[in-house]
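Notes to accompany the following structure.
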Amino acid sequence: MQVKDTNDTRFFNKLLKLRSLLFLRFCRVRFAASKVSMHEQRPVFVMGVEPRITVPVARSLHRLGVPVFVASTSTADSTLRSRAIARFVRWPDPIERPDDFLHAVSDWVKTTGADILMPATDRALSVIAKHYETLKSLLHVACPPPAVVDRVLNKQTTLRIAESIGVRVPHQYVVSDRTDTRTIRQMLFPVIAKPQQKRSAEPFKVRYYRAPEELMDALDDGVLQDAIVQEYCEGCGVGIEMLVHHGNCVAAFQHRRLREFPKAGGVAVTAVAEALDPGLAETALKLLRALEWEGVAMVEFRYDRQTGTAVLMEVNGRYWGTVSLPIQAGIDFPAYQWQLVHGETPEVPGSYAAGMTWHWSAGSVKRWHEALKSRHSVSLGDCQTQDTPAVRKRQNALWTTRDPLPALFELFDTARRLLVSDFRAVLSRMAPRSGGFRSVQSNGKRFERGQPGKHHYAK
């Protein structure tokens, strides 16, 4: 009997010990979970779908432990897939359904607890500025007030303010469909045309005209409405990126475009990180202060190294197309901006990996496509010079082995869009035309002309 009691006691003690161990393990798991939840950050909404911009910003914040939600306001945007993106959402079109858009944003902010809204495109920046006060009441808006944003979105306003503080700007021509031939022929060609306003839906980004006849055709076709025509400035595209806080530069970076799309001048396809030029950095900060800018911005110059002259092209008041280059080189702009919003002091390194090159694969596909369609051999925009620093490391805009989907999907989407565009162009040429006469000016007089118009590639 005593033996049986001893065995029962031992068995009971083992059960008690096992229960204690399970309870301790349960407590450790609960404690670890509570510890994680205490340090879990509130989500951030990145508004706008531009893979080479949106994804690097999301990855930067993801490394901080910040959940990132990407919001699209256009049905034309492809769904972004990335390990750094917690969720992809579509909000109603803010132009066609502004009330529904604001209600959707409010609901998502309340549901997720998000505390920051970051624009990744000019469309997003324009929309946020239009609904600034309402959005500001919901969460922190990572851009200045509307009056300041408009100074950047309106290119003529930007250039006028820059010229007033002594920054060199390109010569501009005032043209319209009423401009006579004599005036156009007095211009110094080549010239470029840009939309005057960075609107939600720009008809084109940059167009390049080599001769008066090309510009006259474009004016007659009506494709340059609300556009500004500027002299073409020699040199390479140089970007000075800055994070400005209360008028002070928190972080700065410089890159030079080696290849662009379109080739005559546009967005970077290949770029290289350069040591910060003190003169360009001073000019950029001077301009951003004159604009009263707060947050991230990229000041773009056309820099002629032979003459040492820099001409202002424009200012991007949001994250730029090569944003992954400074992040990979050691200057993490999105992380610094997030830290400033939350009252933290960013630890910005004193130097970065100058000489690192950056490549955008989808941009190369677009360049190859442009070269196949182009009627002219265009070498402008390629800035492989003898003073290009030795390449330390080559980085891709999107591709990483840990997160390959964004790069793969962007390549597929780019190829699909180009094929669809070409197919429609072929169908258009095959369709019968009702007439080929258009009104053109010559020597200040209007006359009818049947020559088909020239087409210029727009990015």
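Nearest 0.05, what FRET efficiency do residue 393 and residue 421 give at R0 = 35 Å with Cβ-Cβ as r? Result of the calculation: an efficiency of 0.50.
How much length, in nm to one decimal, is gained on full extension between residue 148 and residue 42, taken as 0.36 nm per residue of separation minus their Cα-Cα distance? Present the calculation step by step, with values, prior to reporting the outcome.
Values: separation 106, 0.36 × 106 = 38.16 nm, distance 2.76 nm.
Residue separation times 0.36 nm, minus the Cα-Cα distance, leaves 35.4 nm.
Taking R0 as 30 Å, what's the FRET efficiency between residue 185 and residue 79 from their Cβ-Cβ distance, rounded to 0.05?
Numbers: r = 49 Å, r/R0 = 1.64.
Efficiency computed from Cβ-Cβ geometry: 0.05.
Spin-label model, residue 344/residue 93: points 7 Å from Cα along the beta carbon direction are separated by 4.0 nm.
Evaluated over the Cα positions of segment 44-143, the convex hull gives a direction-averaged projected area, one quarter of its surface, of 5.7 nm².
Counting other C-beta atoms within 10 Å, and keeping those with at most 16, which DSSP coil trypsin sites (Lys or Arg not before Pro) do you find in segment 145-197?
Details: sites: 151, 155, 160, 168, 178, 182, 185; in loops: 168, 178.
In loop regions of segment 145-197 (DSSP not H, G, I, E or B), the sparsely surrounded trypsin sites (Lys or Arg not before Pro) are 168, 178.
With θ taken as phi - 60° and the Karplus curve 6.51 cos²θ - 1.76 cosθ + 1.60 applied, the whole-hertz 3J(HN,Hα) list for segment 284-290 is 4, 5, 4, 5, 5, 5, 5 Hz, x standing for glycine and proline.
Would you mind checking 110/155; 130/286; 130/194; 205/373; 130/205 for any pair whose Cα atoms are more than 28 angstrom apart? Present the calculation step by step, with values, prior to reporting the outcome.
On the way: 110/155 36 Å; 130/286 26 Å; 130/194 23 Å; 205/373 18 Å; 130/205 22 Å.
Flagged as over cut-off: 110/155.
Whole Å is fine, so just give me how far the alpha carbon centre of segment 73-146 lies from that of segment 268-306. Cα centroid of segment 73-146 versus Cα centroid of segment 268-306: 28 Å apart. Projecting the Cα atoms of 109, 55, 132 onto the dipole axis of segment 44-143, where Lys and Arg carry +1 and Asp and Glu carry -1 at the beta carbon, places 55 farthest toward the positive end.
Once the Cβ-Cβ distance between residue 157 and residue 210 is put in as r, and R0 is 41 Å, what FRET efficiency do you end up with, to the nearest 0.05?
Numbers: r = 29 Å, r/R0 = 0.70.
FRET efficiency, residue 157 to residue 210: 0.90.
Ranked highest first by the average count of other Cβ atoms within 10 Å around their residues, in what order do 226-234, 329-337, 54-62, 266-274 fall?
Values: 226-234: 17.9, 329-337: 22.7, 54-62: 25.9, 266-274: 24.3.
Ranking the peptides 226-234, 329-337, 54-62, 266-274 by packing returns 54-62, 266-274, 329-337, 226-234.
Throughout, read-outs are computed from the coordinates displayed, never taken from laboratory work. Keep in mind that this is a model prediction, so the values were computed, not measured. Please note: Cβ atoms are built from the backbone with ideal geometry, for glycine as well, and neighbour counts cover all protein chains shown.
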